Amino acid sequence: MAATKYVVLVTILASILQGVVSQDLPVTQVCLGCICEAISRCNTSSVCSGDVCGPFRITWGYWADSGKPTLKGKSPNDPDAYSSCAGDTYCAALSVQGYMKKFQQDCNNDGKIDCDDFALIHTHGGYGCKGNILPEPFGERYQQCKKFVQGYN
């Protein structure tokens, strides 16, 4: 049953995010899905809580470092540009892509840059991922998603 849940969640998220992944963007749809699942259980109804917003639980600084993507027609200078983007699954995924494009690195020193590195960057930031492990419960959820999703990369 758990495997089915993750496959369904990631499949739904992948369909929402179709088009977010391209040759210029480093994170696969499956990886985005597992990060989303691990960080918030892909809670798309989640608004801002403290200094984090949306299903990817991003901060204003993360959003700014990602290039300040916005919803169509909105200026990055609008007072609600950050929170409205972070609360929108597609726009928030663009923010994750921009952040990872800027900070992608081999955090775990395994000789490749992959979703494990992106998960570390997402939770520890672009300057803090090396030598760290995934915090709980994020780490457990991420590993479960990774284990159960076919074609994971």
To the nearest µm²/s, what D does Stokes-Einstein give for the stretch 31-153 at 4 °C and 1.567 mPa s, using the Kirkwood radius over alpha carbon pairs as Rh? 89 µm²/s
Accessible surface of the stretch 32-152, 1.4 Å probe, proportion on carbon and sulfur as whole %: 50 percent
Extension gain Val47-Leu71, at 0.36 nm per residue separation less the Cα-Cα distance, in nm? 7.1 nm
Could you state the accessible area per residue of the stretch 62-153 in Å², with a 1.4 Å probe and every protein chain left in place? 50 Å²
On a straight-distance basis, which aspartates and glutamates could pair with Lys130 in a cross-link, Cα separation under 20 angstrom, same-chain partners fewer than 8 positions away excluded? Asp65, Asp106, Asp110, Asp114, Asp116, Asp117, Glu140
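The values are calculated or read from the model by the stated rules, or taken from the named source; none is laboratory data. In this text the structure is predicted, and so the values were computed from the model without any measurement. In case anyone asks, the SASA skips ligands and DNA or RNA and just uses the protein heavy atoms, side chains included. Shrake-Rupley method; radii C 1.70, N 1.55, O 1.52, S 1.80 Å.
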